[in-house]
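The next block holds one structure in the form of structure tokens; read it before the comments.
Derivation of every value follows stated rules applied to the coordinates shown; laboratory data play no part. Computed from a predicted model, the values in this text were never measured in an experiment. Methodologically, a virtual Cβ is constructed for each residue, glycine included, from the backbone with ideal geometry; neighbour enumeration extends over all protein chains shown.
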Amino acid sequence: MIANWNISYEYNKNNALIIITKRNNELHEGSGYMQHIEIKLLELNDTDRLFEFEKENRKYFKSIGLPRIDEYYQYNSFSQIVKELIFEQEKGLHYMYLVINSEKNIVGRVNLTDVIQEPLKKAELGYRIGEIYQGNGYATYAVKLVIDQASKIHKLHRIEAGTSPQNIGSQVVLIKNGFQYAGRYNQYMLQDGKWTDSLLFERILD
């Protein structure tokens, strides 16, 4: 997915500025796979198959810096988490979407979290695609779909997203969806006993 992009970094005295340019024009939003996924809000009857998706991708998500605590993979704990997410979703605090392919399989998740309405009208974006579905452009299109929902349905003004400096694929997904680099948080998250930075991206929707 990222082979069509030339990515370089320039640094100023405060933080890193990302410059991303296309190598060629072969990658575009008209690719055929994009008609074959949709997103849907999380419902209680999704619990079982979402639990299987998370278990199947546990090692992969941890390897790319998206770990979960052990209790997350215990069904009783997981089902309770889903119930709480749906309760908060109904109150407009989060919008948790599943990414579904043409075979009705869960291929990933894309979420709008920490929603704040007036006066900010903003949310944070998060997404993850299962290991066997990598390389199909699903993340790029899922983000596009959730941005449409954020603007047209949830009436948000601003979306923020963060990635690790090493997660080039995620940065490309954001750039292709119109996000702009906004800054860098130093030593933002503790992972495997080490503090890691986070790069902040933003998109204004109206």
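Beta bridges from DSSP with both residues in region 44-162: antiparallel share about 80 percent, rounded to the nearest 5. Counting neighbouring beta carbons within 10 Å and listing from fewest to most, the residues S164, S170, S63, S151 come out as S63, S151, S164, S170. Each 10 Å bin, from zero up to the one with the longest distance, holds this percent of the alpha carbon pairs of region 46-87: 29, 56, 15, 0.
Using the count of nearby Cβ atoms within 10 Å as a rough guide to exposure, how do M189, M96 rank from fewest to most? Write out the running numbers ahead of the final one.
Working: M189 13, M96 21.
Ranked by crowding around the Cβ, least crowded first: M189, M96.
Three principal axis extents of region 110-206 based on alpha-carbon atoms, in descending order, are 39, 32, 19 Å.
Shown here: region 38-130, whose C-alpha atoms stretch 40, 31, 28 Å along the first, second and third principal axes, sorted largest to smallest.
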